[in-house]
Amino acid sequence: MTVFSGVIFTIGLGVLLIAVMKSLILEQVLTGGIGSIILEQAPTEVGSANIVSSVLLAYRGLDTLGELTVLFVAATAIGLVLGQRSPDTKHDSEAGFILRSAADLLFPFMIMLGAYIILHGHITPGGGFQGGAILAAAFFIPILASPASPLNHKVSSLIEGLAGTAFILIGLFALVGKGYFLAPLFGTGDIGALFSAGSLPLLYLAVGLKVGSELAGLLARLQEV
Amino acid sequence: MLFGIALISIIIMLGSAFAVLFFENYLASVVALSVMSLALSVLFVVLQAPDVALTEAAVGAGVSSVILALTLRRIGLWQDKS
């Protein structure tokens, strides 16, 4: 019975979404409008080869700050609900041989992949959020393998707070220097080079560290029974 | 070629989405949801949105499935057998 009501609900939701899509004026959005303007101006104004990150961090940087705030509030609420772990509770037993050796083997490569995706966010697809999620997974797999050595929550909260402060401070510097919050600083540089696009790599580094430490702390807290 | 890949990923998405509904085991539903996210990320690559595909693969298929699975363990719905 519940399964059938679920299927009926899903079909109804699909029909509703199709009806909403029919009523949208997609032609105006797809042709002309703001998209072509950003495509024209982003390389000279921001200087990042990846147009998506120039939208995320320069044109709509305030929205990214809002997203970070949403994630922060969610992580704080989870920490509040789950509470502190009492020190005398028993840990889970060690994982099997395969998971332990795979965790040791994967850790450096996942750190490298996460750092690459964060640092090249303004050149290639990716950026702070994706790289941060990979970093969090890299720090979570060793916890799964050996639960007796948990994550240091003090260090992860410190990194999280410092990264969030750095993001807002860069935005405030831009507000003082250029008159707009989170306006790109330091010029554009050569498009496609690692050190280009002004302050975008710094902002992505802050976003990546914040998301990574936040998610790693959240997962570790959920794992501690 | 591209159309074929898109078709295959859409079929996998539909199948795993129904599997989420019909599985008796909650853990199996979480795994099916993760498979759906992975197929969706392939579809995003075909649609030339690599940024979104990376997000979907890292957050949708990775972190959110782990969060759901850990929550199942927390509230005592983690079953080894169905």
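Assorted remarks:
- Residue in region B:50-71 that is out of contact with any helix residue (DSSP H, G or I) (no Cβ under 7 Å at 6 or more places or on another chain) and open to solvent by less than 40 Å² (accessible area, probe 1.4 Å) present: no
- When region A:119-130 is limited to residues that are more than 8 Å from chain B (Cβ to nearest Cβ) and open to solvent by less than 10 Å² (accessible area, probe 1.4 Å), the one that is nearest to A:GLY47 (Cα to Cα) turns out to be A:HIS122.
- When A:ALA166 is tested against (1) more than 19 Å from B:LEU54 (Cα to Cα); (2) within 12 Å of another protein chain (Cβ to nearest Cβ), exactly one condition is not met: (2).
- Among the residues of region A:177-225, the ones that are among the basic types (Lys, Arg) and away from chain B (no Cβ under 14 Å) come to 2 in all.
- Tally, over region B:18-44, of residues that are within 20 Å of A:PHE9 (Cα to Cα) and open to solvent by less than 40 Å² (accessible area, probe 1.4 Å): 4
- Exclusive hit being among the polar types (S, T, N, Q) and touching a residue at least 40 places away in the same chain (Cβ under 8 Å), set A:THR188, A:THR165: A:THR188
- Among the residues of region A:40-55, the one identified as within 14 Å of chain B (Cβ to nearest Cβ) and open to solvent by 60 Å² or more (accessible area, probe 1.4 Å) is A:VAL52.
Per-residue answers, yes or no, for (1) assigned to a helix (DSSP H, G or I); (2) more than 14 Å from chain A (Cβ to nearest Cβ); (3) free of Cβ contacts under 8 Å to residues at least 40 places away in the same chain; (4) hydrophobic (A, V, I, L, M, F, W, C):
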site: B:SER16; (1), (2), (3), (4): yes, no, yes, no
site: B:ALA19; (1), (2), (3), (4): yes, no, yes, yes
site: B:LEU27; (1), (2), (3), (4): yes, yes, no, yes
site: B:VAL31; (1), (2), (3), (4): yes, yes, yes, yes
site: B:LEU40; (1), (2), (3), (4): yes, yes, yes, yes
site: B:VAL45; (1), (2), (3), (4): yes, no, yes, yes
site: B:TRP78; (1), (2), (3), (4): no, no, no, yes
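- Region A:190-206: number of residues that are in contact with a Ser or Thr (Cβ under 6 Å, 6 or more places away or on another chain) and open to solvent by 50 Å² or more (accessible area, probe 1.4 Å): 1
- Every listed requirement among (1) buried (at least 16 other Cβ atoms within 10 Å of the Cβ); (2) modelled with pLDDT of 90 or more; (3) of a type in the set (Gly, Ala, Ser); (4) more than 22 Å from A:ILE117 (Cα to Cα) is met by B:GLY15 save one, (1).
The values are calculated or read from the model by the stated rules, or taken from the named source; none is laboratory data. Keep in mind the model is a prediction, meaning the values are calculated, not measured. Virtual Cβ from ideal backbone geometry, glycine too; neighbours counted across all protein chains shown. In case anyone asks, the SASA skips ligands and DNA or RNA and just uses the protein heavy atoms, side chains included. Shrake-Rupley method; radii C 1.70, N 1.55, O 1.52, S 1.80 Å.
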